[in-house]
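Notes to accompany the following structure.
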Amino acid sequence: MVRLQKFLAEAGVASRRAGEQLILAGRVVVNGKPVRVLGTKVDPEHDQVNVDGQPIRAQRKLYLALHKPRGCVCSRADEHGRATIYELLPKEWQTVYSVGRLDFASEGLLFLTNDGEFALRLTHPRYGVRKKYVATVEGRVDAAMLRQFTSGVWHEGEQLKAERAWLVTEGKAQSVVELELAEGKNREVRRLFESQGLKVKRLVRTQIGKIKLGELKPGRWRTLTQPEIKTLLS
């Protein structure tokens with residue numbers, strides 16, 4: 001049993017708040033009877049729910065892992081005509097949306113879903129779901145710089161911080177660094193290096209929670225297993 005406004009939201013009819021307004025307006029009918037009481041619960045498997053005379057069915061929950069390739073955006077459409085991640089998915093799965101984002105030039109692991117609760121648990125800072133990245137950087141990165149990253153640096157009026165950061169390879173012309181972040185603010189990895197005057201040449205997200213990118217090829221996707229979904233929500 002679920003609250004009626006939650007059922008309406010999960011069926012894609014309206015947000016929970018807008019669903020409450022539909023209920024209060026008497027536009028929602030359950031098993032032939034108008035319902036105007038907030039908090040009313042329904043059984044999605046057996047109860048018949050109509051809004052303005054139209055039957056409503058719960059959407060099948062989808063949970064996808066995508067290897068976002070470089071050179072596409074996470075938006076549904078792009079004003080500059082660039083490719084989007086949704087072009088990589090079957091047409092029947094266009095109801096999903098990305099859980100967080102990777103910028104145009106970044107690549108790696110990205111989740112997509114039509115489950116709002118799942119998306120909230122993975123993106124809200126209070127849950128602290130960690131994400132790992134591998135950054136290829138122009139120039140030398142040293143241990144002192146990485147200690148700054150884990151202590152926190154200020155960039156454009158905002159504090160940025162890595163939970164962990166370690167060198168994979170170090171050189172005068174190029175360094176490879178692995179970082180683990182808990183918040184994932186906008187372009188946070190790139191901005192950490194920008195704060196030190198360094199440019200990121202390539203950025204790959206390799207892990208979210210305990211789920212790794214693994215052998216998933218660029219542009220390919222797979223469904224998450226139930227144990228994986230449970231692990232991410234635990």
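Nothing in this text is a laboratory measurement; each read-out follows from the coordinates by a stated rule. Fair warning: this is a prediction, and the values are worked out from it, not measured in the lab. Heads up, the Cβs are rebuilt from the backbone with ideal geometry, glycines too, and the neighbour counts pull from every protein chain shown.
Values for this structure:
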quantity: Pairwise FRET efficiency - R130 versus K41, Cβ, R0 = 30 Å, nearest 0.05; calculated: 0.30
quantity: Selection of trypsin sites (Lys or Arg not before Pro), the stretch 151-218, meeting DSSP coil and at most 13 other Cβ within 10 Å; calculated: K172, K199, K210
quantity: Fraction of beta bridges assigned by DSSP in the stretch 97-234 that are antiparallel (%, nearest 5); calculated: 95
quantity: Lysine pair number, Cα distance threshold 22 Å (strictly under), the stretch 116-228, separation 8 or more or different chains; calculated: 27
quantity: Placed amide H near A14: partners under 5 Å, 5+ positions off or other chain; calculated: A9
quantity: Lysine pairs meeting the criterion (Cα under 24 Å, 8 or more apart or interchain), as found in the stretch 30-113; calculated: 4
